[in-house]
1. For the range 104-124, how many residues are surrounded by fewer than 16 Cβ atoms within 10 Å (Cβ to Cβ) and either in contact (Cβ under 8 Å) with a residue 12 or more places away in the chain or closer than 19 Å to Tyr263 by Cβ (or both)?
2. Could you check the range 190-238 and list, in sequence order, the residues that are away from the ligand (no atom under 13 Å from the Cβ), outside any strand (DSSP E or B) and within 23 Å of Glu160 (Cα to Cα)?
3. Can you run down the residue pairs with Cβ atoms below 7 Å, 6 or more apart or on separate chains, where the first is in the range 244-270 and within 16 Å of Pro141 (Cβ to Cβ) and away from the ligand (no atom under 11 Å from the Cβ) and the partner is of a type in the set (Gly, Ala, Ser) and part of a loop (DSSP other than H, G, I, E, B)?
4. Among the candidates Arg151, Arg167, Arg146, Arg90, single out the residue that is in contact (Cβ under 8 Å) with a residue 12 or more places away in the chain, within 22 Å of Gly197 (Cα to Cα) and touching a Leu at 6+ places or on another chain (Cβ under 9 Å).
5. Condition (residue is modelled with pLDDT under 95, closer than 26 Å to Arg107 by Cα, among the aliphatic types (A, V, I, L, M) and over 19 Å from the mean Cα position of the chain (by Cα)) applied to the range 274-284: is it met by at least one residue?
6. So, Asp143, is that one within 14 Å of the ligand (Cβ to nearest atom), touching a His at 6+ places or on another chain (Cβ under 7 Å) and not aromatic (Phe, Trp, Tyr) or not?
Amino acid sequence: MMFPRSEWTIRQATPADRDDAARFLASAHRRHLHLDWSQPLELVGSAPFLIAQRGRQWLACLACPPDPVDVAWLRLFAVAPGAPLTPSFRKLIQAVVPEVARMGTSRISALATRTWLRPLLEDAGFAPTNEMIFFEWDGGPLDPVRQSTIRDMLPEDLPEVQAVDERAFQPPWQHSQKALEQALEAAALASVYELEGQIVGYQISTASALGAHLARLAVEPRYQGRGIGRELVLHALTALGRLGLGRMTVNTQADNLPSQRLYQSLGFRETGMRIRLYERFLHV
Ligand SMILES: CC(C)(COP(=O)(O)OP(=O)(O)OC[C@H]1O[C@@H](n2cnc3c(N)ncnc32)[C@H](O)[C@@H]1OP(=O)(O)O)[C@@H](O)C(=O)NCCC(=O)NCCS
């Protein structure tokens, strides 16, 4: 089936498109999803979520809602069987760039979770800027967790946790409070480290049939290098181990040497899996 490009229209999805989106994603020929802790259909009400269609038929869709405001992650791209891959992506990116720039975003960031995505990103003006590297811990002896002020994270901690996150990470890696709220809801264990009543570090871990995953770890910059990150990871490994989770995965940036040293010193080993980060800067 061929789709002459002159007949394409591009429009913003509305909440009424949810059912069509579900059907389209289920039957898509190629699909990239990078959702963190949300569900694909939650994106349908967000902007920009653009649909390229011919008549009423969906050809492709792409979502990259800015969150936080400065960064629009490519959360979803899907293309119908028979629709041209590279032109679909190029056209949708061309349409979202002014949208997200108007919203105050200065970059679109994309994890090339699939190899077919790389040439599309390069064609659409993205360049590789970093890489995610993956580690796993498969059990083994652990130091005892020191007597410290680590406690369960509560929903009311989120503003303080988000402030630590924003100071500890650089763009595009910071999370909004909404994203952290979703992470907390999805967590098997979420903990904060307190010093004199102030949150100075936190970790969020999830669990699946495959084991635990350290989804988020950060320490307030002025308290880094004092063993707090190490205590938080040890605490997570120990507490999740008691729940029968004897394996943990984590990923970090290729240029983030402090976190890599921390994981390696605790017995995590690199798996060899790598995912490239591509970015397009918008010069707003
Ligand atoms: C990574 C991070 C959580 C580590 O927390 P921390 O409290 O500073 O780490 P610790 O003091 O417990 O250090 C533990 C080990 O990490 C390594 N490490 C920590 N800071 C380091 C630095 N600046 N340079 C090199 N290695 C460092 C060392 O191996 C250290 O062990 P050592 O003290 O025996 O040398 C913290 O640096 C941070 O929040 N960074 C920004 C956010 C981030 O990168 N999160 C993880 C991404 S997945």
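1. If we filter the range 104-124 for residues that are surrounded by fewer than 16 Cβ atoms within 10 Å (Cβ to Cβ), which is where we start, we get 104, 113-116, 118-119, 122-123.
Keeping just the survivors that are either in contact (Cβ under 8 Å) with a residue 12 or more places away in the chain or closer than 19 Å to Tyr263 by Cβ (or both) gives 104, 113-114, 116, 118-119, 122-123.
Within the range 104-124, residues that are surrounded by fewer than 16 Cβ atoms within 10 Å (Cβ to Cβ) and either in contact (Cβ under 8 Å) with a residue 12 or more places away in the chain or closer than 19 Å to Tyr263 by Cβ (or both) number 8.
2. Glu196, Gly197
3. Final answer for the pair search is Gly246/Gly139; Arg247/Gly139; Gly267/Gly140.
4. Values: Arg151 fails: touching a Leu at 6+ places or on another chain (Cβ under 9 Å); Arg167 fails: touching a Leu at 6+ places or on another chain (Cβ under 9 Å); Arg90 fails: within 22 Å of Gly197 (Cα to Cα).
Checking each option against the conditions leaves just Arg146.
5. Pass one, the range 274-284, residues modelled with pLDDT under 95: 283-284.
Then keep just the ones that are closer than 26 Å to Arg107 by Cα; that gives 283-284.
After this cut, where a residue has to be among the aliphatic types (A, V, I, L, M) as well, the list is 284.
Applying the additional criterion that residues be over 19 Å from the mean Cα position of the chain (by Cα) yields 284.
The answer is yes; a qualifying residue exists.
6. Working: within 14 Å of the ligand (Cβ to nearest atom): yes; touching a His at 6+ places or on another chain (Cβ under 7 Å): no; not aromatic (Phe, Trp, Tyr): yes.
Against the criterion (within 14 Å of the ligand (Cβ to nearest atom), touching a His at 6+ places or on another chain (Cβ under 7 Å) and not aromatic (Phe, Trp, Tyr)), Asp143 does not qualify.
The values are calculated or read from the model by the stated rules, or taken from the named source; none is laboratory data. Everything numeric here is computed off the predicted structure, so don't read it as measured data. A quick note on method: Cβ atoms are made from the backbone with ideal geometry, for glycine too, and the neighbour counts reach across all protein chains shown.
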